[in-house]
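For reference, the structure discussed in these notes is given below.
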Amino acid sequence: MLPQVQQPIPLDSAIEDWLESKYQRTRSERTRHQYQAVITSFRNYLAATGIDLDFPDSRILRAAIQQWASLGVDGGEVSTAYRNNRIAIVSSFYRFTLRQGTMSLPINPAELVERSVVWRYAHVKFLDNEHVQNAMASIDRRSIKGKRDYALLSIAFTTGMRASEIVNMRTSDLRLTQGTFEVTCRVKGGEEVRKLMAHDAAKNLMDYLEWAYQLDWIGKDYPLWRSIKGRKPFGYGGIRDVFQQYLHTGKVHTSRHTFSRAFLEASRNDVIGLQHELGHANLATTNTYTPHVTELTNPHGDRIAAAFGITSIEPEATS
């Protein structure tokens, strides 16, 4: 009997399988929508030339990816990071379909496209300690909204978590230990990293949780952040609004940069520790020097919290 040859599945199904695979790894609807928008944009570009994603000539597809990735709205220029991100997403699609055997191309065409060099940290913005201290002090922690916002910012500035990691936090990620919370973060690439919260940040979070869920959150899997009205899950836009209100910036990532600077100051320039703390893509390389590290991370959280004026003691009411 001749072996059966696997027939390519329709492109729409291949795209849906790829998007579902991404969602299962990240549990992020935002990532799924971004990937879907990018692959749809590229497919529309190909359709205008009379071909589709499964065109058999990788060289033609490579040229198409290169031209499309640099196209902005109305033909304007795009940033280097934006271009590279589009190429990376298309590459992810071809890598997935080639691995699944649902595409018969000889090679991933996106891998043939030259990526531009990005100086990722050339324009890094930090917030100085006084700025953060004033912002934290301005929050009315007697209100329900203030309890939530103070807890959220406490975590952002004392853990260095990405905005997506904060948005996707769930009550099942928390475990009480050593008088604080151990939190499990899902970083880029799907890896899980455990962190210990600074003690004051943990107390602020507990104060918020008592309002949001009373004691019903223990052992449950609920979204950690809720809106005040309707108590609906809090998305990225809500967190950005919190930053804008108190810190006067909508760039949530500034808390990660600011944490990084504070960590280096508190640890006397422990760069390897910072790489581990942030869960960077090169973490595996870093860990070749420390293969037996199993302790919980964030050893300098309490000192960082103090630097930003984060405290679990509520200010006395003024008459």
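The values are calculated or read from the model by the stated rules, or taken from the named source; none is laboratory data. Just so you know, these numbers come straight off a predicted model, no measurement behind them. Backbone-built Cβ (ideal geometry, glycine too); neighbour counts: all protein chains shown.
General observations
- Residue within the range 290-300 that is within 21 Å of E130 (Cα to Cα) and at pLDDT 75 or above present: no
- Being part of a loop (DSSP other than H, G, I, E, B), among the polar types (S, T, N, Q) and more than 20 Å from the chain's Cα centre (by Cα) is a description that does not apply to T40.
- Residue within the range 26-38 that is farther than 28 Å from M169 by Cβ and at pLDDT 85 or above present: no
- Residue that is farthest from G179 (Cα to Cα), among those in the range 200-227 that are surrounded by fewer than 16 Cβ atoms within 10 Å (Cβ to Cβ) and not hydrophobic (A, V, I, L, M, F, W, C): S227
- Any pair with Cβ under 6 angstrom, 6 or more apart, that starts in the range 78-98 at a residue that is surrounded by fewer than 17 Cβ atoms within 10 Å (Cβ to Cβ) and ends at one that is among the β-branched types (V, I, T): T80/V118; A81/V118
- Qualifying residue in the range 258-265 (condition: surrounded by fewer than 16 Cβ atoms within 10 Å (Cβ to Cβ) and modelled with pLDDT under 85): yes
- Failed criterion for K251 (all others in (1) within 23 Å of E277 (Cβ to Cβ); (2) part of a loop (DSSP other than H, G, I, E, B); (3) modelled with pLDDT of 90 or more hold): (3)
- The range 43-79 - residue that is in a helix (DSSP H, G or I) and β-branched (V, I, T) and, of those, farthest from I107 (Cα to Cα): V73
- Among the residues of the range 80-103, those identified as in contact with a helix residue (DSSP H, G or I) (Cβ under 9 Å, 6 or more places away or on another chain) and not in a helix (DSSP H, G or I) are T102, M103.
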